[in-house]
Amino acid sequence: MSNKSISYIAIVTVLALLALSSLNYIHVYAQYTGTAYIGNYLAVGVNDFGALGIDDPIYNDIGFQYPIGYNFESIALGWWGDGWSIFYNSEDAGFSPSDDAWGNIAGVTSNVNIEPTPYGYIERITLITIDGVLNITFIYHIFTSEKFIVVETIITNIGPTTLTNVEHKRIVDWDVWKPTIGTYSNYWGMDDIRRPDLNLVVASYNYEVFMGFASLETPYNYDLDWSDYDDRGFIGALHGSISADGAFPYYFDGVAIYGWMLGDLSPGESISIHLVYAAGDSLEELENIVSKAFGFIKSSILMEILSYGRAHIYDPLSGWIRGVGELEIYGVSGSLTINSRYGPLSFDMEIDRIGYDNSGNVIFYGVLRLDGYTNLVTLFIDIDRGRVVLGGQGIIFIGTYR
């Protein structure tokens, strides 16, 4: 797409049996260049340095809007309150719209790639530090019909020597609905009493809408106040927990800063941090949405599933056939092999769509094929327990994976 062109692109149907609502995106070249995504629930602006917040000449400013519309913008306007920093050896690099790109990415050109997916789009933003030793990749998963986005940050040592004391920080300044309510203050709190497994900080406007920022990897520390994120460590980090009944500890103009101590990175070694930005109409809904997003993250990390267990297949002539089964899935295809007294039976499998329940478990919907016969099946994966259940008309498989 030309740097000056502005056009809408309809989402491409990737899997034949998957029907999607329209998700549009538009690449913007303005104060903060980037891409605007307009879905069914969220409008999101991803700038070309891996943070939220763009100046869009058509949609005005977009960072994270729920509901969609300028009056419902929830990332701090003006300076665009989303950014990141990385420290290694005695060096640093980062992006803040107030400072632009700084440290060892100042003046660096990012590489941006956007691809359609069954659920929306993936945007990959790659930066290489000016000293040529660090590759920083941000992978944004943007969804057509979800109230969350997922951001994976991959930090890779591409230099010849070990990078020491690697530290990463991410900042998000929620100013929920600031253009409407005319104040920067929100209700703030860490959701570590109700849901300590989510690493979730919440900002709310008057208990009407709830914005969340969560990390699959627990940070070593966090701050709900204005500590410098362009320096190592935290000084006087402010903590405060949402109570069990959902009451917030703070009402003020704050910010969430998370930090991860990543240790040393050997040449060629990578490490990833997985983040969720989410919106909900209640605290409970927000928690469920973040848990659902964690299910998506965990399933994408799995990539390959190899499971062993017991299988039951119904044959019209022989009745139920029992045997030992081996299920293997990679990407959107796989196979199920069953060893029984009748010999081995082999099924090909294709995944048509993926879902997630509110506990973060993964549900694949697909078909098994044997001799031209198509059998609709559902594959349930309990990620935390390592349990796999495949079911359909005339077929049951129950197994475990590692």
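Details
- Residue within the range 313-327 that is within 30 Å of Y140 (Cα to Cα) and modelled with pLDDT under 85 present: no
- Applying the criterion of being in contact with a Ser or Thr (Cβ under 6 Å, 6 or more places away or on another chain) and either surrounded by fewer than 16 Cβ atoms within 10 Å (Cβ to Cβ) or within 25 Å of I363 (Cβ to Cβ) (or both) to the residues of the range 265-290, the residue that is modelled with the highest pLDDT is L275.
- The requirement of being among the small types (G, A, S) and farther than 30 Å from Y251 by Cα is fulfilled somewhere in the range 151-166, by at least one residue.
- Residue match in the range 105-127 (condition: in contact (Cβ under 8 Å) with a residue 12 or more places away in the chain, closer than 16 Å to K169 by Cα and either part of a loop (DSSP other than H, G, I, E, B) or of a type in the set (S, T, Y) (or both)): yes
- Any strands (runs of 3 or more DSSP E) falling wholly within the range 337-399 and containing at least 2 residues that are among the hydrophobic types (A, V, I, L, M, F, W, C) and at pLDDT 75 or above: 343-356, 373-382, 387-392
- If you check G240, G233, G259 for being small (G, A, S) and touching a His at 6+ places or on another chain (Cβ under 9 Å), only one passes: G259.
- Leading residue by the ranking (modelled with the lowest pLDDT) among those in the range 295-312 that are out of contact with any Gly (no Cβ under 9 Å at 6 or more places or on another chain) and not hydroxyl-bearing (S, T, Y): L302
- Test result for D175, in contact with a Gly (Cβ under 8 Å, 6 or more places away or on another chain) and under 23 Å from V290 (Cα atoms): yes
- When residues of the range 63-99 are limited to those that are of a type in the set (D, E, K, R) and either over 25 Å from L224 (Cβ atoms) or in contact with a helix residue (DSSP H, G or I) (Cβ under 7 Å, 6 or more places away or on another chain) (or both), the one surrounded by the fewest Cβ atoms within 10 Å (Cβ to Cβ): E91
- Scan the range 151-180 for residues that are of a type outside the set (A, V, I, L, M, F, W, C) and closer than 28 Å to F296 by Cβ and the total you get is 10.
- Listed by first and then second residue, the pairs linking a residue in the range 335-347 that is assigned by TED's automatic domain parsing to the domain that holds G319 and small (G, A, S) to a residue that is assigned to a strand (DSSP E or B) and at pLDDT 80 or above, with Cβ atoms under 6 Å apart and 6 or more places separating them unless they lie on different chains, are S335/E328; S335/D348; S340/I321; S340/G323; S346/T337.
- Inside the range 87-104, residues that are part of a loop (DSSP other than H, G, I, E, B) and under 24 Å from A76 (Cα atoms) make up a count of 3.
The values are calculated or read from the model by the stated rules, or taken from the named source; none is laboratory data. Please read these numbers as outputs of a predicted model, since none were measured by experiment. Quick reminder, even Gly has a Cβ in these numbers, built from the backbone with ideal geometry, and neighbours come from all protein chains shown.
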